[in-house]
Amino acid sequence: MIKDRSDSKLGRREFLGTAVAAAAFMIVKPEAVRGTAANSAVRLGVLGCGGRGTEVAGGFINNTGTRVVALADLFADQLATAENNFNKQLATKGFPTIDKTQLFKGPKAYEEIIASKEVDAILITTPPYFHPHHLEAVVAGGKHAYCEKPVAIDVPGAKHVVEIGKKAEGKVSLTVGFQIRKAPPFVELVRRIQGGALGKLGCGLAYYYCPHIDRRDWPNASADEKRLRNWVWDRTISGDIIVEQNIHVIDICNWTLQGHPTKAVGAASRKLRDDAGNCSDNFNLVFTYPNDVQVSFGSTQFDKHEFDAAVRFFGTRGSCEAHYDHRMHISGAEPWDAGLGAMQQGGQFSAAGKFSGALDQADSEKQKSFVESITSGKFLNDAALGADSALSAILGRTAAYTGKTITWDKLMKSKEVLDPKIDLNKFA
Ligand SMILES: NC(=O)c1ccc[n+]([C@@H]2O[C@H](COP(=O)([O-])OP(=O)(O)OC[C@H]3O[C@@H](n4cnc5c(N)ncnc54)[C@H](O)[C@@H]3O)[C@@H](O)[C@H]2O)c1
């Protein structure tokens, strides 16, 4: 929770942790220095007002006392729905509604929200293709950035994000939407594994079995608008299901194994989904991690089957099983159970990322850590980490598309740029 420092002599700029490191980046009106809780709260702008933006920014309001003060979206209807929704949530906290001048629509909306003097931090929840460009603009504009995963969908994009991270260093806080790294049960599991609870690791398993993500048809929209509205079905705008969605469990492997895969081999196909897009409906791979730890990886995205995402690791002293839901334990020499209780809603998938069980506190902890990094001035910088996990997923995608073993070193030479070739000016 943000402490209300309205009674302190601390000015707003100091309160936001920007006094020394980023004084040049923030412009503060004298009347906002002290006063109400509203003046003390971090002021958040939401760039991309869909399902995840609504979920995370709503969480910021409820879990951290952050004010949502500005919204930007390509489409007017998305903006209007979000405005209505956030105004209701802000009212419950006694915050003012969003000023009409802080609603930005169209292809240049990202530039306008970044230029707004009312905004301290920006939540980037646009489709993945736009992330490197939007993140670059947010950091260049001197705003703190919370960028949803994946940070990029191709190798040049991921490398670019690493460079953006260097520019952000010490100036603004930059975090990436891997909220599972903040989920207390997962934090404890990884601490135990890294402390030797499983002994020497031999191999692992990571999977993300997800039903089809249904979207509206948009019958009167142009072909390009349909692609943008239903980007989650589009390989080029999303990066395909492994980069857009399954990246979460690949990121857990990178976190637990303290590195990225050195190579991958496998296959993917699209046989069972019949939406208008071109994303794969399954991936099956083997990733090789440092110390020759092989991780079998599987994912699906079709039909109405039960949702389940999990990782398992096997070592000389024991093994673990960790799902998004209520099943998390270690068996063997140091048995442990996360004690998450009975399953309430196993098998349900949330397109907005809201899961019950091991991830109950993931988002709230993630939101608190971002706000604390801003208010304390101890800025986060997840750019390299975010790029590493994006590249790991791209490694798997490349191996599956080509049917060849792809090494990390070879992948890093890729100059392939994914481009949906859509002129956004048509949506001005
Ligand atoms: N961390 C998680 O658990 C989690 C969960 C769900 C989604 N996500 C990520 O969040 C991001 C958004 O996903 P979503 O499900 O909210 O998608 P969405 O389609 O519901 O929302 C995207 C929004 O961005 C807008 N938009 C599209 N192009 C834009 C542009 N160029 N400029 C401004 N606005 C633009 C759309 O109109 C839409 O309102 C994705 O990167 C996704 O992978 C993360």
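For the stretch 327-339, the criterion of being within 16 Å of the ligand (Cβ to nearest atom), on the phi < 0 side of the Ramachandran plot and of a type outside the set (Gly, Ala, Ser) is met by no residue. Note on the stretch 179-195: residues that are in contact (Cβ under 8 Å) with a residue 12 or more places away in the chain, open to solvent by 10 Å² or more (accessible area, probe 1.4 Å) and in a loop (DSSP other than H, G, I, E, B) amount to 0. Scanning the stretch 196-210 for residues that are under 30 Å from ILE237 (Cβ atoms) and open to solvent by 20 Å² or more (accessible area, probe 1.4 Å) returns LEU205, TYR207, TYR209.
Within the stretch 196-217, residues that are within 16 Å of TYR324 (Cα to Cα) sit with their Cβ atoms under 8 Å from residues that are of a type in the set (Asp, Glu), at 6+ positions apart or across chains, in these pairs: TYR207/ASP308; TYR209/GLU306; TYR209/ASP308; PRO211/ASP303; PRO211/GLU306. Consider the stretch 64-82 and keep the residues that are among the charged types (D, E, K, R) and outside any helix (DSSP H, G or I). The one that is surrounded by the fewest Cβ atoms within 10 Å (Cβ to Cβ) is ARG67. At least 3 residues being of a type in the set (S, T, N, Q), under 23 Å from the mean Cα position of the chain (by Cα) and at pLDDT below 95 is the threshold, and among the helices (runs of 4 or more DSSP H) wholly inside the stretch 345-428 not one reaches it. For the stretch 165-178, filtered to residues that are out of contact with any strand residue (DSSP E or B) (no Cβ under 8 Å at 6 or more places or on another chain) and touching a residue at least 60 places away in the same chain (Cβ under 8 Å), the residue that is surrounded by the most Cβ atoms within 10 Å (Cβ to Cβ) is PHE178. The conditions of being open to solvent by 20 Å² or more (accessible area, probe 1.4 Å), part of a helix (DSSP H, G or I) and hydrophobic (A, V, I, L, M, F, W, C) are met by PHE130. Evaluated against (1) exposed (fewer than 14 other Cβ atoms within 10 Å of the Cβ); (2) hydroxyl-bearing (Ser, Thr, Tyr); (3) free of Cβ contacts under 8 Å to residues at least 40 places away in the same chain, SER356 falls short on exactly one condition, (1). Candidates in the stretch 47-63 are the residues that are buried (at least 24 other Cβ atoms within 10 Å of the Cβ) and under 11 Å from SER364 (Cα atoms); of these, the one that is nearest to the ligand (Cβ to nearest atom) is VAL56. The residues of the stretch 143-163 that are open to solvent by 10 Å² or more (accessible area, probe 1.4 Å) and away from the ligand (no atom under 16 Å from the Cβ), listed by number, are PRO156, LYS159, HIS160, VAL162, GLU163.
The values are calculated or read from the model by the stated rules, or taken from the named source; none is laboratory data. Here the structure is a predicted model, which is why all the values come from computation and not from measurement. Every residue, glycine among them, receives a Cβ derived from its backbone with ideal geometry; neighbour counts consider all protein chains shown. Just the protein is used for accessible areas: all its heavy atoms, side chains included, with ligands, DNA and RNA removed. Shrake-Rupley method; radii C 1.70, N 1.55, O 1.52, S 1.80 Å.
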